[in-house]
1. For the range A:76-151, which GluC sites (Glu not before Pro) are both in a DSSP coil and crowded by at most 13 other Cβ atoms within 10 Å?
2. Please compute the contact order of chain A in relative form: average sequence separation of alpha-carbon pairs under 8 Å and at least six residues apart, divided by the residue count, as a percent.
3. What does the convex hull of the Cα atoms come to per residue for the range B:83-195, in Å³?
4. Say R0 is 30 Å: what FRET efficiency, to the nearest 0.05, do B:ASN332 and B:ILE37 get from their beta-carbon distance?
5. Between A:ILE9 and B:ASN158, how many nm apart are label points set 7 Å from Cα along the C-beta direction?
6. Placing +1 on the Cβ of each Lys and Arg and -1 on the Cβ of each Asp and Glu in chain B, which of B:ALA260, B:TYR373, B:ASN169 has its Cα farthest towards the positive end of the resulting dipole?
7. Work out Dmax and Rg for the protein assembly as shown from the C-alpha atoms and quote the Rg first, both in angstrom.
8. Report the residue, chosen from A:ALA55, A:ALA83, A:ALA129, that carries the largest GNM mean-square fluctuation when chain A is represented by alpha-carbon nodes joined by springs under 10 Å.
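The values are calculated or read from the model by the stated rules, or taken from the named source; none is laboratory data. Since the model is a prediction, treat every value here as computed from it, not as a measurement. No Cβ is skipped: glycine too gets one built from the backbone with ideal geometry, and neighbour counts run over all protein chains shown. What goes into the accessible areas is simple: the full protein's heavy atoms, side chains included, and nothing from ligands, DNA or RNA. Shrake-Rupley method; radii C 1.70, N 1.55, O 1.52, S 1.80 Å.
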Amino acid sequence: MPDSPQIPIEFPLTPKPRAVVIGASSGIGAAVSRRLAKEGYVLALLARREGRLQALCDELNQNDEVNAIAYPHNATDFVAIPALFQEILQDLQRLDIIVFVAGVMPLVDVTEFNFDKERLMIEVNLLGAMAWLGQAATLFQRMGAGQIVGISSVAGDRGRVPNPGYNTSKAALDTYLEALRNRLTRHGVNVLTVKPGFVETALSPKGIPPEKAAADIWRAMKRRRQLIYTPFFWRYIMLIIKYIPSFIFRRLSF
Amino acid sequence: MSDNGTGPLLPLERLNRLENFGHSIHSPGYLYRPTQIEEIEELFAASRKQGVAVALRGSGRSYGDAALNSGGIVLNFQRMNRILEWNPETGIIKVEPGVTIEQLWKYTLEDGWWSPVVPGTMFPTLGGVLAANVHGKNNWRAGTLGEHVLEFEALLPNGKHVVCTPKKNKDLFYGIIGGMGMLGVFTSITLQMKKVYSGYLEVKAWVEPTLERMLAAINENKEEDYNVGWVDCTAFGKRLGRGQMHTARYLEPGEDPNPAQSLSVDAQVLPDTMFGIMPKSIVYQFLRLGMNNLGAWGGNLAKYILNRTLEQNKVDRWTFTEFSFLLDYVPNWERSYGNGGLIQYQSFLPKETAYDTYMQILRLSKRRGLPSYLGVLKRHRPDDFLLSHAVDGFSLALDYKVTRRNVARLRKLTADLNQIVLEGGGRFYFAKDSTLTPDVVQAYLGEETVSKLKKLKKKVDPQNVLQTDLYKRCFG
């Protein structure tokens with residue numbers, strides 16, 4: 001079709017695998033995209049910031065080969081998502097993995113209750129995920145194959161003092177991913193929930209480099225795992241935190 | 001169906017997993033199942049406007065990606081399956097493109113008419129069969145099915161309707177038949193059936209110990225109504241390529257004492273049990289156990305020995321369906337190849353180079369540890385269609401099992417085989433193909449043919465509405 005990017009002709013028995021990454025322009029999203037490209041995936045990359053997105057695509061499309069296509073998109077533009085999903089499927093021709101990374105965490109003061117900020121977090125982190133993953137879930141269910149990866153957070157494990165809206169968005173995302181998993185496993189689809197601890201991204205200045213998180217995520221995708229923490233030790237930290245009784249936890253301030 | 005071309009063309013609920021017949025390729029497509037020509041017209045109009053590619057699909061019996069359109073629209077014709085006119089005096093029948101070979105013979109046989117050409121299975125639609133311009137075991141005598149089409153009506157992707165005969169709109173007649181759904185959609189097909197005087201064929205079977213003798217036998221018997229050879233592609237040394245010949249002839253009037261009985265549909269329906277008790281629907285699951293290099297060797301060997309001892313030079317009467325539709329004898333046989341499915345590799349070689357080339361192909365396949373588990377040999381003659389697979393020579397169709405482990409090697413093997421076939425001056429067949437690349441296509445069809453096709457395509461489909469995965473792969 002006119003002016004759609006051309007993916008090179010392939011041997012039909014072994015097409016290159018295809019992935020969509022939503023929230024690809026920075027942090028974990030960019031690192032996962034780079035990793036998938038390295039593993040031979042053809043990518044549809046989505047993000048709000050067009051310049052950074054295009055730069056990432058250019059980086060991945062070397063030697064005249066189309067490996068990544070940029071689709072500037074705001075994850076809260078829910079109305080546009082079905083048509084965009086179709087366009088991506090037309091361009092990629094198939095889809096094996098969808099990774100939802102997009103997430104926001106505006107700074108909130110411990111005494112502040114700001115609905116606008118909370119609403120933004122719910123819209124991007126939760127509703128954006130539902131809008132995108134629902135499309136992919138329909139496709140994967142019909143194809144009887146595929147993998148859905150949702151980047152949640154350790155913040156979803158407990159409601160805590162600093163950012164109630166963020167905790168809520170991630171806890172809800174966890175539940176949504178769990179429900180998808182229970183619906184889709186029987187159709188041959190894997191749903192992976194990723195719970196990063198501190199990763200050095202726009203959301204947190206300190207932590208492991210995103211490449212390290214991307215390596216963990218890739219390993220989990222390959223093994224078709226259900227739930228991972230990255231770095232792994234957060235599983236045990238959160239296990240303890242989850243069991244702190246409320247009469248103590250409500251007196252703590254982290 | 002989208003309303004007047006403005007609604008969304010690709011609603012999620014139309015997404016379906018579509019496969020090739022060998023179950024070795026799968027692809028997402030938005031499936032439409034039109035019942036009326038007007039629906040196709042609307043869809044083409046919407047597709048032209050919105051820039052969405054459309055592929056045509058019959059029963060999905062192509063071995064490769066001929067009826068797939070990954071991420072785009074797939075039009076399934078199975079519901080456009082009405083028989084429009086039938087004249088039992090002249091044997092001329094007019095049908096919609098979704099009518100299957102099975103429907104066709106069941107409709108006409110009791111009047112004494114049989115399809116002049118049939119593929120090895122009765123399930124394909126006539127639209128699909130003519131898009132691929134299939135041949136049967138009688139290619140030398142009867143040509144392809146396209147040669148028996150008196151007239152067809154087609155809807156072009158630019159929205160125009162045309163009537164084509166070998167004289168009228170000749171370029172489209174010889175282009176759309178064999179054109180793999182790249183140039184237009186059949187909306188009706190008028191076919192000349194063949195008069196028969198019995199529902200039986202007289203079939204002769206015998207084995208030949210080498211491929212050279214197989215080719216000689218098939219050549220000597222080419223004037224028989226039907227002739228076909230099964231080839232053992234797993235045997236060792238000089239025996240590689242040995243096999244069993246079958247020839248068959250129609251009975252003359254009077255040879256069958258009770259033609260009304262043998263021409264009845266009941267007499268022709270394939271039994272659904274084996275040995276009288278085993279449901280045939282489960283047989284493929286047992287076949288599955290033997291679908292490995294060792295099992296295929298044993299199976300081919302056992303078949304050869306049984307053929308030599310029990311059936312040597314036997315002359316027998318078989319029903320048309322028994323002889324013609326061997327592939328339907330075990331339902332779901334293609335599933336016996338396991339989860340990776342299979343591909344078929346069919347090459348057509350001039351009679352002068354056939355022996356050397358086929359020996360190279362069989363030896364190389366064996367040497368690479370990828371022997372074909374089933375080979376079928378036929379005699380062919382050239383035809384006048386734009387995209388033709390035929391040569392004055394032979395074709396050898398080879399089934400290869402696909403697994404996750406062998407697929408990379410299979411890719412390499414078939415790429416090498418393509419070069420071997422080209423060196424022998426051979427051709428390929430889009431209905432079976434999953435291995436061709438644009439350079440190979442250009443090499444065997446010739447630059448002139450490819451540019452002629454592209455010119456024709458530009459004329460009838462300037463917006464490139466009709467596209468399949470095969471089209472993109474071979475002509476992209």
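1. A:GLU112
2. Value for chain A: 17 percent.
3. Convex hull volume per residue, Cα atoms: 94 Å³.
4. Calculated transfer efficiency: 0.35.
5. For the pair A:ILE9/B:ASN158, the computed spacing is 2.5 nm.
6. B:TYR373
7. 29.7, 103
8. Greatest mean-square fluctuation among the candidates belongs to A:ALA83.
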